[in-house]
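**Student:** Below are the structure tokens for one structure; questions will follow.
Nothing in this text is a laboratory measurement; each read-out follows from the coordinates by a stated rule. Small disclaimer: the values here were computed from a predicted structure and weren't measured. Because the Cβ atoms are built from the backbone with ideal geometry, glycine has one as well, and the counts that use them run over all protein chains shown.
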Amino acid sequence: MSFLTISHLEKAFGSNLVVKDFNLEVAKGEFISLLGPSGCGKTTVLRMVAGFETPTSGSITIGGQEVTGLKANARNIGMMFQAYALFPNLTVADNVAFGLKVKGVPRAERESRVSEMLNLIGLAEMAGRFPFQLSGGQQQRVALARALAPSPRVLLLDEPLSALDAKVRVSLRNEIREIQQRLGITTIFVTHDQEEAMSISDRIVVMNAGIADQVGSPFEIYNRPTTRFVANFVGTLNTFAVKVEDSAAGKVRLGGALLTLPPGLSAGMGAEMAIALRPEALRLGREPGYETVIKGWIEEVHFMGSIIRLRARVAGELVVMDTFNRADQPPPVPGTEVEISLSGKDAIILNG
Amino acid sequence: MTRFFAWFALIFGCLYFLLPLVGMTEFSLKMRRGEYSFDAYRRVFEDQRFWDTFGYSLALSAATIVVGVLLVVPTAYWVRLKLPQARPFVEFVTLLPLVIPAIVLVFGYIRLYNTSSVLPLTGSAFGTDFLLTMGYTTLALPYMYRSVDTGLRTIDVATLTEAAQSLGAGWITILARIILPNVMVAVLSGAFLTLAIVLGEFTMAALLNRPAFGPFMQLLGANRAYEPPALAVIAFAITWGCMGLMQLVTRLSKHERAKA
Ligand SMILES: Nc1ncnc2c1ncn2[C@@H]1O[C@H](COP(=O)(O)OP(=O)(O)OP(=O)(O)O)[C@@H](O)[C@H]1O
Ligand SMILES: [Mg+2]
């Protein structure tokens, strides 16, 4: 049963159609991320849900109520902005209390709700400070508390972490996810950082030029991208040119070896096509259980801690491989010739 | 060499402005023959008309400030938020009072609102005060608009508005609780400028025949010798006091809260 339903949503600025036939059903308590490159319309979708932009066509319903024509201040939706947007003239406590005051919540109840919220974000001792006396991460947490205080039906976040430095970004995104799960609040999170989207979302909507290309769990999006755009945008891909040998059985030829692809091959017999493999699907060395072994020359080695990222040249093309670090086995040095194992079952079929 | 010229210009400028002031002050102290005294000042302060006109102008400047704030803050806010492309036009309009002489404005008023017109505002004291307040608001408009607009530039008007809207606030709440408090310093400096303008204004008050401070200064100047410079010194002191208050407000509020 979907709680927030967006159907056939479109938005044009003049003649520029920036959101095209956008459909999404969000279950109650679900955490959805809108992921896509800059300018693909993520913010525009979010702002239409918030009521800051009027859709050109389509509808938005929340909990069965049609909100498309409703003013922003009548929607009971919490919003967090990239630029924090705390009210500079109000203290932390007054910022959090703002929505409750507007609603006319009595003083005593308001105060207890504010301290509950400040405890939730761990800033109870900062209640009397002004926004300019807080760090960016603290300000953004206050913004979260402020958005959540009036118990909104939906929480919308527009790249709330992109103004913060890397460490704060990771800890705050986990905090947001934890609070979201604890309160069970339906959430839409906009980001162009795929790692961010994948680590905290129940489902991801990958957007491309105003269209929702694919909707699915992070696992599905990463492992079974349905369009070439999604495959390229999320994660790193190595593409290999293959020739179809038996399209019904999903068998293709890569060099001298025959690979069996997962179901979904649509190209006909004898067709030239491309398959893609994630860096972790390629194994260094001759591994048992893999369909074929190809030769490559190591060009770059990036030691990243638990993972070592290798770039190797295979048949003129550069491929990327991830292997786990092992203390008893130093990585190969650039220039060495290596064997790379791979299997058709790990491949992503790029139709078209 | 450039240093020399800089100093020369500074000293020349100071002399240019200060000498007449010093001369005037000195003269105002010379009412009693052969010694310096505050006699001229005492005379001014003993004059009931001084207090009456001063009080009248003070009351009218308060009204002007209120009208100005109610007119300018929402306008400047709305233009920044919804009509940014109209800003040059609005700025031009607010500058018009600097180009159009007050006398033109007041003659317009008298022609439009005289006792035989549809709206005979000049027929009653209250009506005339109302007209005068509107006139003063127009005169102060360039200063008020500029300072409020500058104040709005220091905050992210659009995002703060959206944040407040998503929390359920309507326009009045947003203006009163978010926008106005954040441009308070700018509003106050506009208010002090307005006060200074209204206290010194002569043309409108004289032609509308209202007992304001400006016409009183003129009247005194035409009939007395020592009191007018004393009054001028007092007027200067008030104006400088306003400027000092402006500085003070800016300083103090910086302590309370810096703009994020
Ligand atoms: N008010 C507007 N008027 C005209 N065009 C607009 C307006 N707002 C957005 N656009 C256009 O709509 C498109 C989508 O913008 P949007 O802000 O939704 O992108 P986004 O996916 O959020 O990008 P980013 O990751 O950079 O924030 C862009 O091409 C932008 O230029
Ligand atoms: Mg955006």
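**Student:** Looking only at the range A:103-134, which residues are out of contact with any helix residue (DSSP H, G or I) (no Cβ under 6 Å at 6 or more places or on another chain) and β-branched (Val, Ile, Thr)?
**Tutor:** A:VAL105
**Student:** Considering only residues that are surrounded by 20 or more Cβ atoms within 10 Å (Cβ to Cβ), over 22 Å from A:VAL190 (Cβ atoms) and not β-branched (Val, Ile, Thr), look in the range A:84-94 and name the one that is farthest from the other protein chains (Cβ to nearest Cβ).
**Tutor:** Among those residues, the one meeting the criterion is A:ALA93.
**Student:** Sticking with this structure for a sec: In the range B:164-260, which helices (runs of 4 or more DSSP H) lie fully inside it and hold 1 or more residues that are within 14 Å of chain A (Cβ to nearest Cβ)?
**Tutor:** In the range B:164-260, the matching helices (runs of 4 or more DSSP H) lie at B:184-200, B:227-256.
**Student:** Here is a further query. Out of (1) free of Cβ contacts under 8 Å to residues at least 40 places away in the same chain; (2) closer than 28 Å to A:GLU272 by Cα; (3) in contact with an Asp or Glu (Cβ under 6 Å, 6 or more places away or on another chain), the odd one out for A:SER341 is which?
**Tutor:** That leaves (1) as the condition not met.
**Student:** Of these, A:LEU156, A:LEU172, which one is in contact with a Lys or Arg (Cβ under 9 Å, 6 or more places away or on another chain), within 16 Å of ligand 1 (Cβ to nearest atom) and touching a residue at least 12 places away in the same chain (Cβ under 8 Å)?
**Tutor:** Answer to the selection: A:LEU156.
**Student:** For a quick check of your reading: which strands (runs of 3 or more DSSP E) sit entirely within the range A:30-83 and have at least 3 residues that are within 14 Å of another protein chain (Cβ to nearest Cβ), of a type in the set (Ser, Thr, Tyr) and away from ligand 2 (no atom under 16 Å from the Cβ)?
**Tutor:** Passing ranges: none, list empty.
**Student:** Taking the stated definitions as given, is B:VAL106 β-branched (Val, Ile, Thr) and within 30 Å of A:GLU53 (Cβ to Cβ)?
**Tutor:** So B:VAL106 fails the test.
**Student:** If you go through the range A:227-284 one residue at a time, how many are outside any strand (DSSP E or B), within 24 Å of A:ASP193 (Cβ to Cβ) and touching a residue at least 40 places away in the same chain (Cβ under 8 Å)?
**Tutor:** The qualifying residues number 11.
**Student:** Now a separate question. Is there a residue in the range A:201-213 that is of a type outside the set (Ser, Thr, Tyr), within 25 Å of A:ALA85 (Cβ to Cβ) and over 14 Å from the mean Cα position of the chain (by Cα)?
**Tutor:** Checked against the condition, which is being of a type outside the set (Ser, Thr, Tyr), within 25 Å of A:ALA85 (Cβ to Cβ) and over 14 Å from the mean Cα position of the chain (by Cα), the range A:201-213 yields no hits at all.
**Student:** When you check B:THR115 against the structure, is it outside any helix (DSSP H, G or I) and not acidic (Asp, Glu), yes or no?
**Tutor:** Yes: the conditions hold for B:THR115.
**Student:** A further question on this structure: Starting from residues that are within 25 Å of A:MET1 (Cα to Cα) and free of Cβ contacts under 8 Å to residues at least 40 places away in the same chain, keep the ones in the range A:49-69 and report whichever is nearest to ligand 1 (Cβ to nearest atom).
**Tutor:** Here the answer is A:GLY51.
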